[in-house]
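What follows is calculated from the coordinates using simple rules that are stated; it is not laboratory data. Given the structure is predicted, the values throughout are model-derived calculations rather than measurements. All Cβ positions, even for glycine, are placed from backbone atoms using ideal geometry, and neighbour counts span all protein chains on display.
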């Protein structure tokens, strides 16, 4: 287990913070922590890192109690609202962090470290700016340097707090690609973000935090794909087919014809319980002589889930269901 | 070594060294000009014995007092936000996520900056002492010179520990104001005590001065430094100059035990700072 927390609690004088958070993150998992602003996500992350002392609860990070310096030995962390020493160059920031990680001054200046620095700068798109002072970096470049810093010591667990904030669309795309690469390399990633498309693209499991409490935790598939919708673009569609196809649908499935053109092309909105049901529908349509052009998940379904979770009245203390709503 | 290199880079790149060097050279030039005028003015009738030494001694103490103030302000402005400032602007978030115990980071910052402050204090001390030695022909025993030098450097290192501890509790500006006022209070109470003592003394003022010097011993160290300098003047038949230096006359010379207290005080300040930083929430 890379991270395990039990009843982690931190409350501020204002009453905000987070309460009784119990989470487990397994090796190789890409975990997304979601929640609206002020939900307590960053408070939770800071307790895990050891920046905040919990009021109650405990946890283990990489096999050591949270807060212990050794628990951070194989950890990479990108904070949300951070700054680097603007009077250092990008490369010097990375060398400084290598020193903070326990390397001697001579080791931080070794050719091995120089090539590692070059590598993380290349990965984050800063390869030709490493010798520039941080004060000359844009906000997006500082964010990239933060990611480079998190990756520097080849961590086993990478905690990224809003990694795409301050980045332009190209930067966001590159971060998503980086996340996918980390996942493919088998790294464990804890992602705290508002960008739901990032979560949707890379996360295996998500948790939803609202008003300081954990409302849901489970796999993306369990939380989002149960009873969700797909848009299917077809050719050769006739309005009367809606009834015949509809009769053959499995329980839990529904079909609604959306855009229908005179030439027979149409977009059908399908609600299904799982992907296998979509495969079944495909067979049905083929049997009716329909040409299937495209199947895609309905955009914004995570957003819908997020909004519904945020607005849901969620009284506490009624137990919890792994893989579903905690209420 | 990493902390010394890092603190050095910070002081150089933030142009603190540049500004401090320019102003220090200006101060030293003014001091030398004044010293030259004092030691080379024509004497109307006849020069009193040891008059040059007395004048040189007064100039040395004046120079070291103001040099001490310059170092003190350098320490305060360079370090008043070492902890709280870095927490406020988000610098600490990435730093404290590294596997380094906070006490190590705290002491690293102290000794890293302390090294450069010690170096600067030494250079400044020599820039004040050497011209006085040359122009006023003031002979000095090596042991006393070393003691004077170490006492001169010790004050800023204590102030650095106070400032660092303050920055673990107070916001940057608040800490700067608090430390500057404490330093000023230390100077004022000590000089006020010297002046009042010359007119018979006042017990209450002495108690207040002692209390202040327990918290901010920089001026007591200055008194001890004056005492050591006078003791070190290597001339026979020297008249009593202990009370001939006006406000610089050390009225209540701190004992060696007090110097020992400042060492324990420094250790306590660092220990308290480490503890405060360890328990500080980095929100």
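Estimated from helical segments only, the mean residue ellipticity of chain B at 222 nm is -26000 deg cm²/dmol, where each DSSP H run of four or more residues counts as -39500 (n - 2.57).
For an R0 of 30 angstrom, estimate the FRET efficiency from the Cβ-Cβ distance between residue A:105 and residue B:69 and round to the nearest 0.05. Once rounded, the FRET efficiency stands at 0.30. Work out the FRET efficiency for residue B:133 and residue B:104 from their Cβ-Cβ distance, taking R0 = 35 Å, and round it to the nearest 0.05. Working from the Cβ atoms, E equals 0.25.
Taking only the Cα atoms of segment A:3-223, the ratio Rg/Rh comes out at 0.96, with Rh defined as the Kirkwood radius. Spacing of the modelled spin labels on residue A:197 and residue B:278, each 7 Å from Cα toward Cβ, amounts to 4.8 nm.
Length gained on full extension, residue A:291 to residue A:4, computed as 0.36 nm times the residue gap minus the Cα-Cα distance: 98.4 nm. With a point put 7 Å past each Cα toward its Cβ, work out how far residue A:180 is from residue B:19 in nm, to one decimal. Taking the simple label geometry, residue A:180 and residue B:19 are separated by 4.9 nm. The eigenvalues of the Cα gyration tensor, multiplied by 5 and square-rooted, give chain B an equivalent ellipsoid with semi-axes of 37, 21, 15 Å from largest to smallest.
For the protein assembly as shown, the Cα-based Rg and Dmax, in that order, read 34.6, 129 Å.
Each of the peptides B:89-96, B:224-231, A:169-176 was scored by the mean count of other Cβ atoms within 10 Å over its residues; in descending order, highest first, they stand as B:224-231, B:89-96, A:169-176.
Take each residue in B:87-95, count the other chain C-beta atoms within 10 Å of its C-beta, and the mean is 6.
Specify the inter-centroid distance of segment A:25-41 and segment A:48-127, based on alpha-carbon positions, in whole Å. A separation of 20 Å, based on Cα centres.
With 0.36 nm allotted per residue and the present C-alpha distance subtracted, the residue A:154-residue A:311 stretch has 52.6 nm of extension available.
Helix-derived [θ] at 222 nm for chain A: sum -39500 (n - 2.57) over DSSP H runs of at least 4, divide by residue count, nearest 500? One gets -10000 deg cm²/dmol as the mean residue ellipticity at 222 nm.
Relative to its Kirkwood radius, the Cα radius of gyration of segment B:1-112 gives an Rg/Rh of 1.22.
Can you tell me the FRET efficiency between residue A:87 and residue A:243 if r is taken as the Cβ-Cβ distance and R0 is 56 Å, rounded to the nearest 0.05? The formula returns an efficiency of 0.20 here.
Arrange B:142, A:43, A:9 by Cβ neighbour counts within 10 Å, fewest through most, would you?
Values: B:142 9, A:43 26, A:9 19.
Least crowded to most crowded, the residues run B:142, A:9, A:43.
Averaged over the residues of peptide A:79-87, the number of Cβ atoms from other protein chains lying within 10 Å of each residue's Cβ is 6.
Within 10 Å of each Cβ in peptide A:64-72, how many partner chain Cβ atoms are there on average? Round it to a whole number, please.
For peptide A:64-72, the averaged partner shielding equals 2.
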